[in-house]
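Every read-out reported here was derived from the displayed coordinates using simple, explicitly stated rules and does not represent laboratory data. Note that the structure is predicted; figures quoted are calculated from it, not measured. When we count neighbours, we look across all protein chains shown, and the Cβ atoms used for this are built from the backbone with ideal geometry, even at glycine.
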Amino acid sequence: MNRSARKLDHINHALITGQANSHGFQDLKFVHNSIPEININEISLTSEIGELHLSSPIFINAMTGGGGERTKEINQQLAEVAAETNIGMAVGSQMAALKDQEQRSTYEVVRRIHSKGIIFANLGSEATVDQAKRAIDMLEANAFQLHVNVIQELVMPEGDRDFTKTLTRIEHLVHQLEVPVIVKEVGYGMSKSTVSKLASVGVEAVDVGGFGGTNFSRIENERRQRRLDFFDDWGITTTCSLLEAKDARTTLHVLASGGLQTALDLAKAMALGACAGGFAGHFLKILVEKGQEALITEITELQKDLKMILTALQLHAPQQLKEVPLVISGDTFHWASQRGLD
Ligand code: FNR
């Protein structure tokens, strides 16, 4: 099966397998304040990922790898939505466009439409410095997402089996690229030691890509003769990953993704230290099943909802969420206790 057919399969299977809702956000509760002395009009959603300025802490995460006409169409639609709502957007893996000139337009279209927006380039951890530079140039990207996806590769029949020297490659990229490097997972989460290792080689940001939303083991198992079901439950949930990342006590900027669907999920992620949240499967489903207008409405509503939550918590900006106490129960509590996380 060629790359673009495989990636189309990903989109179709992602829509069928859906969002697992086992991200852990249900284990977190804010402490209610009966006297929040604030006017909602005083709230600004502007946010930062390091030096990158965002109009709100919401971005469209990577989904459009592989190239092909359908991928181009989805990139175009997502870019129009991102431009209309003025939010950041990552493209999916650009490897196909590096290997085949004809696929470049699949990705270039994003910068053409979202001309002034924050755009993330994307490649897998096998990328060389030269490939990363070309991927960034293709989009005039503001940052570079490098995805690490060991479990997905293992479940993929044609996936990689050699993961040696990944950290060294990441270190080279960080030193040679002129834009910030965001190392991201794709739904298996990150541990404290992973985050510490990435910080030690100079990575600027991580996207924890936690377990509990889109599940690539389930997606890839749909395409296998002999299933590797034991990987379907593998991974660190998004809430536990954020706690792990926080406890690593690095200066890395932490992004949240993995099952985010609501403004409350995002607010809780930010209370656990994230500076922004990426939405993938949830946005894709709305786009494919209901269309662009519905996705624009969803994003606008998410922004309004986030302001409501900030009002209830008496906060003027989303960045203040990290000072707000959360009560943690259930599996997230047990994970944090056994791992000795703060
Ligand atoms: C993805 N994801 C992804 N990530 C990446 O870094 N490069 C890629 O090419 C892709 N491709 C891709 C295709 C499809 C169809 C989906 C649904 C997802 C992973 C994505 O960015 C995200 O990390 C995970 O999907 C978890 O977030 P959600 O979907 O639970 O919000």
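Relative to the longest principal axis of the Cα atoms of the chain, the long axis of helix 238-247 makes an angle of roughly 80 degrees. When only the Cβ of Lys, Arg, Asp and Glu is charged (+1, +1, -1, -1), the dipole of the stretch 21-76 relative to its Cα centre reaches about 240 debye.
In this simple spin-label approximation, Glu84 and Ile16 carry label points 7 Å from Cα along the Cα→Cβ vector, and these lie 3.0 nm apart.
Applied to the stretch 252-258, the Karplus parametrisation 6.51 cos²θ - 1.76 cosθ + 1.60 on θ = phi - 60° returns per-residue 3J(HN,Hα) values of 4, 7, 9, 10, 9, 7, x Hz, with x for Gly and Pro. Given the stretch 1-126 reduced to its alpha-carbon atoms as identical point scatterers, what log10 I(q)/I(0) does the Debye formula return at q = 0.19, 0.23 Å⁻¹? Evaluating at q = 0.19, 0.23 Å⁻¹ gives log10 I(q)/I(0) of -1.11, -1.32.
Phi angles across the stretch 38-48 convert, under the Karplus curve 6.51 cos²θ - 1.76 cosθ + 1.60 with θ = phi - 60°, into 3J(HN,Hα) values of 7, 9, 4, 5, 7, 8, 10, 8, 4, 9, 10 Hz, Gly and Pro given as x.
Check cross-link reach from Lys165 to the aspartates and glutamates: straight Cα distance under 19 Å, and skip same-chain residues fewer than eight apart. Those aspartates and glutamates meeting the cut-off are Glu126, Asp130, Glu153, Glu185.
Could you tally the net charge around Ile296, taking each other residue with its Cβ under 12 Å from the Cβ of Ile296, Lys/Arg +1 and Asp/Glu -1?
-4
Close amide-amide hydrogen proximity is noted between Ile49 and Leu54, each under 5 Å apart and 5 or more residues distant or on a separate chain (H modeled in the peptide plane; Pro and chain starts excluded).
Sorting check: for 170-178, 197-205, 64-72, which peptide has the highest mean count of neighbouring beta carbons within 10 Å, and how do the rest follow?
Peptide ranking by packing, descending: 64-72, 197-205, 170-178.
Working note: Debye formula, equal point scatterers on the alpha-carbon atoms of the chain, no solvent; log10 I(q)/I(0) at q = 0.13 Å⁻¹ is -0.96.
Applying a threshold of 25 Å to the alpha-carbon distances of Lys133/Lys184; Lys99/Lys192; Lys133/Lys285; Lys99/Lys197; Lys116/Lys192 flags Lys99/Lys192; Lys133/Lys285; Lys99/Lys197; Lys116/Lys192 as lying beyond it. Our coupling estimate for the stretch 106-113, obtained by passing each phi through the Karplus curve with A = 6.51, B = -1.76, C = 1.60 and θ = phi - 60°, is 4, 9, 4, 4, 5, 5, 4, 7 Hz, Gly and Pro reported as x.
In degrees between 0 and 90, to the nearest 10, how far off the longest principal axis of the chain does helix 330-339 point, with axes built from Cα atoms? It works out to around 80 degrees.
Cut-off 10 angstrom, C-alpha nodes, Gaussian network model of the chain. Which of Val183, Val327, Val109 fluctuates the most? Its mean-square fluctuation being the largest, the pick is Val327. Relative to the dominant Cα principal axis of the chain, helix 69-85 is inclined by about 30°. Dimensions of the stretch 212-342 based on its C-alpha atoms, expressed as ranges along the principal axes with the largest first, amount to 53, 45, 27 Å. A simple spin-label model places the labels of Ser115 and Ser44 2.6 nm from each other, with each point 7 Å out along Cα-to-Cβ.
Run the numbers for Asp162 and Thr297: contour at 0.36 nm per residue of separation, minus the present Cα-Cα distance, in nm.
Extra length from Asp162 to Thr297 when fully extended: 44.3 nm.
If the reach is capped at under 23 angstrom between alpha carbons, list the lysines near Lys307, excluding any in the same chain fewer than eight residues apart. Qualifying lysines at Cα under 23 Å: Lys29, Lys268, Lys322. Computed over the stretch 69-121, the P(r) tail beyond 19 angstrom holds 19 percent of alpha carbon pairs.
One quarter of the convex hull surface built on the alpha carbon atoms of the stretch 99-213 amounts to 8.0 nm², the projected area averaged over directions. For the stretch 216-253 versus the stretch 62-120, the inter-centroid distance based on Cα atoms is 25 Å. The Glu69 and Ser34 beta-carbon pair, evaluated with R₀ = 51 Å, returns a calculated FRET efficiency of approximately 0.40. Counting only DSSP beta bridges whose two residues both lie in the chain, roughly 20 percent are antiparallel.
Electrostatic bookkeeping for Leu198 treats Lys and Arg as +1 and Asp and Glu as -1; over the other residues with beta carbon under 10 Å from its beta carbon, the sum is -1. Working from the Cα coordinates of the stretch 26-73, the gyration tensor eigenvalues give, after taking √(5λ), semi-axes of 36, 17, 11 Å in decreasing order. Computed from the C-alpha gyration tensor, the three semi-axes of the ellipsoid equivalent to the stretch 151-243 are 26, 16, 10 Å, from longest to shortest.
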